[in-house]
Amino acid sequence: MSEPFRVGFVTGSTPDKWARAWRERRRVPLELVPVLESEQEIGLREETLDMALVRLPIDREGLHCVRLYAEVPVVVAGVDHFVAAAEEVTLADLTDEQLVRPHASGWQPDASQLDWPPMSEKDAIETVAAGTGVVIVPMSIARLHMRKDVVHRPVTDLDPTEIALAWRIERDAEDTQAFVGLARGRSANSSR
């Protein structure tokens, strides 16, 4: 039996559809490997992963990168928070809030911030559920960690985050291109 084709995926990305298509069309086994966003490049660079679904930005030095889709940024707050009454919010609406986890954009509320310890998205949403502050995450993360005691609303003036497929330039083999084809929507009968 051949070595499995290893594809990492960050929290919130959804490789299932492509994994199903791979298993239907390819003889090489596929192994999906969850990776933390903070470690999404490590498996590629250390060659323990053949490819990875990553959340941009990443250091593209030595990597191919194909953008797949954008993710809407949302604010997550407790159900009693004022954002629960809104359909969407802007950063100006959040300027007086406690941001329990830094946002990748670097945006900070104007309010003096508490010294929050580093925490995962799940921990941040649990903190928000307790009625303390807000967190801004991609919608896929908010949905993954959805709870009855929180709500999420789009933040209209933040740029979307993007999910991309990345792999080492020297790993640009037939199986790599086959997976790229699946992710880009090529059918079993189409050719490059």
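The values are calculated or read from the model by the stated rules, or taken from the named source; none is laboratory data. All values reported here derive from a predicted model rather than from experimental measurement. Here the Cβ positions follow ideal geometry from the backbone for every residue, glycine too, while neighbour counts run over all protein chains shown.
Filtered by the rule that a residue be under 17 Å from Ala130 (Cβ atoms) and touching a helix residue (DSSP H, G or I) at 6+ places or on another chain (Cβ under 7 Å), region 91-117 gives Val100, Arg101. The requirement of being acidic (Asp, Glu) and under 15 Å from the mean Cα position of the chain (by Cα) is not satisfied by Glu46.
For region 118-128, check the following and say yes or no: at least one residue is out of contact with any Leu (no Cβ under 9 Å at 6 or more places or on another chain), assigned to a loop (DSSP other than H, G, I, E, B) and not assigned by TED's automatic domain parsing to the domain that holds Pro15. Yes: region 118-128 contains one or more residues that are out of contact with any Leu (no Cβ under 9 Å at 6 or more places or on another chain), assigned to a loop (DSSP other than H, G, I, E, B) and not assigned by TED's automatic domain parsing to the domain that holds Pro15.
For region 117-133, the candidate set comprises residues that are among the polar types (S, T, N, Q) and at pLDDT 90 or above; within that set, the residue that is surrounded by the most Cβ atoms within 10 Å (Cβ to Cβ) is Thr127. Just one residue in the set Ala173, Ala142 is in contact (Cβ under 8 Å) with a residue 24 or more places away in the chain and on the phi < 0 side of the Ramachandran plot; that residue is Ala142.
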